[in-house]
């Protein structure tokens, strides 16, 4: 007998309470994005490989080590999407979405990265994503962050704080980058192997290194505030004052960076507070939502300079923080008490009528007559309607949902 195939490492089959928590995260996100009037988009699961290599960067771990790329039958290199932003930027340019700028869009779905599976992180994972494209004003950053904050609050997740930093404008970032290179060159031999490599490619990434060998040199590294232009400082001040006015709590995180050159101004992450229940559930994988302003991305894909800001959040991590969500009980369970054709037919008629009124309903028509009723009680239905060969066996009381009475007028 052949062996049963197993799930691929780093993937998961989601069922029961876990699936309900997952759905709850998506439903909450969809409700909030409508409040903020973000337009829903659907993106291809795969793109030409160059979309990601040009947008994310050839030297990044995502492109060099983590992408699922393959050659199709036409000989073209394609890649399963490892993130949403690059594909959305491509769509913005190729579909003429510039006419809608500033464009507010949101989506969610599966992404793929070949990395070591761990708590809350999978090779096929799922994200929420929100972007504002074509808006250079700090108000766009504020709105996007207010939306993220509301999603987290409406999910009932507590003990999470917005960590915020500025990367400055292009001139500020270049001046800061040069100062960091000079600082870390003096201690290059004492840095970790990863940071020695980053010093050549993305020196800003050394600032968020978790390696103890690096952290002792990060503490006294040059700070971005020393190199901010007046315009960059005014931009960040406008973002923070806007967040204060919107009631979004934040804390400054000077070591929070983005390594790619097209990132500008605002960078942010929502991180569980130390000692909180959220931190305990997630362990070392602490960031639950992150993003930033990426004003230079469109140019890397051959488009005109276009300001943009966005964020993404892992659905699996958010679902872990939401906790178990049991399936809601049915509004009505129809119990067919015997095996008569009449009772079964009446049961189907009742189900259709109840669902037509917007009620959740299901039918139990198997097992012994007593077990059928016991099953209905155990499932916690708000109302039970019984049918047998002699008719129905339920009388309405004053608290009966009027929709049930509308669907089943014989109960009145």
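Throughout, read-outs are computed from the coordinates displayed, never taken from laboratory work. Since we're looking at a predicted model, the values are computed, not measured. So basically every Cβ, Gly included, is an ideal-geometry build from the backbone, and we count neighbours across all protein chains shown.
Figures for the structure shown
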read-out	value
Computed helical MRE - 222 nm, the chain, DSSP H runs ≥ 4 contributing -39500 (n - 2.57), nearest 500	-11500 deg cm²/dmol
Within a Gaussian network of the chain (alpha carbon springs, distance under 10 Å), most fluctuating of 290, 275, 156	275
Residue-span extension gain [residue 185 to residue 18] - 0.36 nm each, minus C-alpha spacing	55.3 nm
Whole-angstrom gap from segment 93-121 to segment 1-44, using each part's C-alpha centre	14
Extension gain, residue 211 back to residue 93 (0.36 nm per residue minus Cα-Cα distance, nm)	38.5 nm
Largest to smallest principal axis extent of the C-alpha atoms in segment 180-276, angstrom	46, 38, 22
Top of 402, 305, 222 by mean-square fluctuation, Gaussian network on the chain, Cα under 10 Å	402
Structure-derived percent of Cα pairs over 39 Å apart: which label, when the choices are (1) 34; (2) 24; (3) 43	(1)
Approximate spin-label separation residue 366-residue 7, in nm, with each point projected 7 Å along Cα-to-Cβ	2.5
Relative contact order %, segment 108-243, counting alpha carbon pairs below 8 Å whose residues are six or more apart	26
Label-to-label distance, nm, for residues given as residue 328 and residue 401 (7 Å Cα→Cβ offset)	0.9
Binned Cα-Cα distances of segment 227-373, short to long, each 5 Å bin given as a whole percent	2, 7, 10, 12, 10, 8, 7, 6, 6, 7, 7, 6, 6, 4, 1, 1, 0
Residue 352 paired with residue 69, simple spin-label distance in nm, labels 7 Å along Cα-to-beta-carbon	5.6
Mean Cα-pair separation over length for the chain, i.e. relative contact order, pairs under 8 Å, 6 or more apart, %	17
Distance between segment 45-69 and segment 278-350 - C-alpha centres, whole angstrom	26
Mean separation of Cα contacts under 8 Å (6+ apart) over length of segment 1-99, as relative contact order %	22
For 45, 239, order by how many other beta-carbon atoms lie within 10 Å, fewest first	45, 239
Of 131, 20, 327, the one that fluctuates the most in a GNM where the chain has Cα springs shorter than 10 Å	327
